[in-house]
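Inspection log for the structure reproduced underneath, given as structure tokens.
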Amino acid sequence: MFDLAAGTTIETWIVFGKEKYKFELGAGCTAVMGPDMYPFLQSKQLSGLLGGLKGAAEYEALVGKKANAVSGMRPQSVVHVIIILFVIFGNIVYFTSRRARHA
Amino acid sequence: MRKDSNFFILVGTIGLFVCINIFLMASGKLPFSSDGFGIILGAGLTLAIYSFLYKDNPAFKIAENLYVGVSLGYTIIITWFNFLKPDLYDPLIVPMFSKAAEKAPQYALIFPSLLGIFMLLRFSRKLSWLSRWTFAFVVGLGAGVSIPRVISAFILEQIKPSLHPVFSGGETILSSINTLLIMLGVISVLIYFIFSVEHKGAIGKVSKIGIWFLMISFGASFGYTVMGRLSLLIGRIQFLLRDWLNILQ
């Protein structure tokens, strides 16, 4: 059983399906839901998880058919790097201004 | 004067959109078929929605209302074909009123159907009390079915990995470190949320470790949320550049 979800159906399948009937359950979800689903992967309540665009790209690489998800990861990675740089920049500005205030 | 400039910007943008589509169809980049017009419609609606980034405008309002209407219509059709028709109309209504029906009507469905109708009586002042029967049934059944399963799935099964032995033979060093990290994370975060003890001394230090675990968790959630929102944008940009304009291959 594999559930592709943008809502709460994965948890519903775990609670009312997997728990009672003990079948293999895999899931694919949006990235926003990903962090909430990883604990179920660790506890083996999910056999596998495709989390967001990253999960989709990993799946495409696994089956050897690189398509939309893999090409989407390039801008995705660039934007993540930019956000990390902005976070670092913001922290540097914050600590510099704090030091200047206390000096 | 300002209204006029907004009007001209809107008309100019729509005119440019029409010209681009005529060029794409004339040059054969878009097929002159229902597929081609579907792509044009999708591109138009995408641009109309993103036009809100400039400011609220009639094109955005049309796309927004269209989205709400289509979503509602889609939900109604899904509800009819996935639930009402196979679970009520076909097994109960059709056999009751059709002489050609092969199966006998399932009269047991009258009870849940009545409960469903009672729920809609919330809109009637005189009969809204009947809806409480339905809510009582739904809450009672929901609690009875859900509570044992939820406790098992969300608490007991989630505790198991936390109680996994660090060294029981056969593990790699990395998996043992992982188990130790899980133990440290669970204990420190739980201690952080104990507010009946002042966070000083050893408790304070452990709760600070808990804060670090929480911050890393929030960071991961934020990263995934950024990824989720960006993938929607990337999907739309891919559609516009590849399917509509044929720039990407």
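Values in this text are rule-based calculations from the coordinates and carry no lab data. A quick note: this is a predicted structure, and the numbers were derived from the prediction, not measured. Here the Cβ positions follow ideal geometry from the backbone for every residue, glycine too, while neighbour counts run over all protein chains shown.
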| query | What stretch of chain B, leaving out the sites themselves, is the longest with no GluC sites (Glu not before Pro) in a DSSP loop having at most 11 other Cβ atoms within 10 Å? | reply | B:1-101
| What fraction of the Cα pairs in chain B, stated in percent, has a spacing above 29 angstrom? | 67 percent
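Test of understanding: what is the full-extension gain from B:W212 to B:I237, defined as 0.36 nm times their sequence separation minus their Cα-Cα distance? Don't skip to the answer; put the middle values down first.
Working: separation 25, 0.36 × 25 = 9.00 nm, distance 3.68 nm.
Fully extending the segment from B:W212 to B:I237 adds 5.3 nm.
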| request: Rounded to whole Å and sorted largest first, list the principal axis extents of the Cα atoms in the protein assembly as shown. | output: 72, 64, 51
| request: Could you go through region B:143-153 in sequence order and give the Karplus-derived ³J(HN,Hα) for each residue, using 6.51 cos²θ - 1.76 cosθ + 1.60 with θ = phi - 60°, rounded to whole Hz, and x for Gly and Pro? | output: 5, x, 7, 7, 4, x, 5, 5, 4, 5, 6
| task | Could you run the Karplus curve 6.51 cos²θ - 1.76 cosθ + 1.60 with θ = phi - 60° over region B:230-237 and give me ³J(HN,Hα) per residue in whole Hz, x for Gly and Pro? | result | 5, 5, 5, 5, 4, x, 5, 5
| field | Using a Förster distance of 30 Å, the FRET efficiency for B:V138-B:S71 (Cβ separation, nearest 0.05) | value | 0.75
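What is the dipole size for the protein assembly as shown, taken about its Cα centre, with +1 at each Lys and Arg Cβ and -1 at each Asp and Glu Cβ, in debye to the nearest 20? Intermediate results must be reported in sequence, preceding the final value.
Numbers: 31 positive and 18 negative charges, 184 e Å.
The dipole magnitude comes to about 880 debye.
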| request: May I ask for the Rg/Rh ratio of chain A, computed from Cα atoms with Rh as the Kirkwood radius, given to two decimals? | output: 1.20
| Neighbour count of at most 16 Cβ within 10 Å plus DSSP loop: longest trypsin sites (Lys or Arg not before Pro)-free window in chain B | B:127-199
| note | Given the candidates A:W13, A:A56, A:M33, the one whose Cα lies deepest towards the positive end of the charge dipole of region A:1-87, counting +1 at each Lys or Arg C-beta and -1 at each Asp or Glu C-beta, is A:A56
| query | Tell me, which longest segment in chain B has none of the chymotrypsin sites (Phe, Trp or Tyr not before Pro) that fall in DSSP loops with at most 11 further Cβ atoms within 10 Å? | reply | B:55-166
| task | Report the chymotrypsin sites (Phe, Trp or Tyr not before Pro) located in region A:12-87 that are in a DSSP loop and have at most 11 other Cβ atoms inside 10 Å of their Cβ, or state none. | result | A:F23
| said: 5 Å is the cut-off here: which amide hydrogens, built 1.01 Å from N in the peptide plane, fall below it relative to B:L30, excluding neighbours closer than 5 in sequence? | reply: B:M25
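In µm²/s, what is D for region B:141-227 at 10 °C and 1.306 mPa s, where D = kT/(6 pi eta Rh) by Stokes-Einstein and Rh is the Kirkwood radius from Cα pairs? Let's see the in-between values first.
Values: Rh = 15.4 Å.
Estimated via Stokes-Einstein, D reaches 103 µm²/s.
Among the listed pairs A:K18/A:K65; A:K20/A:K54; B:K29/B:K61; A:K22/B:K160, give every one whose C-alpha distance is greater than 27 Å. Don't jump to the answer; show the numbers that get you there.
Numbers: A:K18/A:K65 30 Å; A:K20/A:K54 31 Å; B:K29/B:K61 30 Å; A:K22/B:K160 16 Å.
Pairs exceeding the cut-off: A:K18/A:K65; A:K20/A:K54; B:K29/B:K61.
Once you have the Cα-Cα distance between B:L190 and B:I147, take 0.36 nm times their residue separation minus that, and quote the gain in nm to one decimal. Don't jump to the answer; show the numbers that get you there.
Numbers: separation 43, 0.36 × 43 = 15.48 nm, distance 2.31 nm.
In short, 13.2 nm is gained.
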| query | Quick one: Karplus J couplings for region B:198-212, per residue in order, coefficients 6.51, -1.76, 1.60, θ = phi - 60°, nearest Hz, x for Gly and Pro? | reply | 5, 7, 10, x, 5, 4, x, 5, 5, 5, 5, 4, x, 4, 4
| task | Return the long-range amide H neighbours of A:D3 (sequence gap of 5 or more, or a different chain), with a cut-off of under 5 Å between placed amide H atoms. | result | A:G26, A:A27, A:G28
| said: Please enumerate, by chain and number, the aspartates and glutamates with C-alpha under 17 Å from the C-alpha of B:K208, excluding those fewer than 8 residues away in the same chain. | reply: B:E198
| said: Using a Cα-Cα cut-off of under 17 Å, which lysines could be cross-linked to B:K103, ignoring same-chain neighbours fewer than 8 residues away? | reply: B:K85
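Which of the GluC sites (Glu not before Pro) found in region A:1-53 are loop residues per DSSP with 15 or fewer other Cβ atoms within 10 Å of their Cβ?
Numbers: sites: A:E11, A:E19, A:E24; in loops: A:E24.
In loop regions of region A:1-53 (DSSP not H, G, I, E or B), the sparsely surrounded GluC sites (Glu not before Pro) are A:E24.
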| request: Between B:N6 and A:T12, with labels modelled 7 Å along Cα→Cβ, what's the label distance in nm to one decimal, could you check? | output: 4.1 nm
| query | Can you give the convex hull volume per residue for the Cα atoms of region B:1-98, as a whole number of Å³? | reply | 146 Å³
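So how do B:L241, B:L53 line up by other beta-carbon neighbours within 10 Å, fewest first?
Values: B:L241 13, B:L53 7.
Lowest to highest Cβ neighbour count: B:L53, B:L241.
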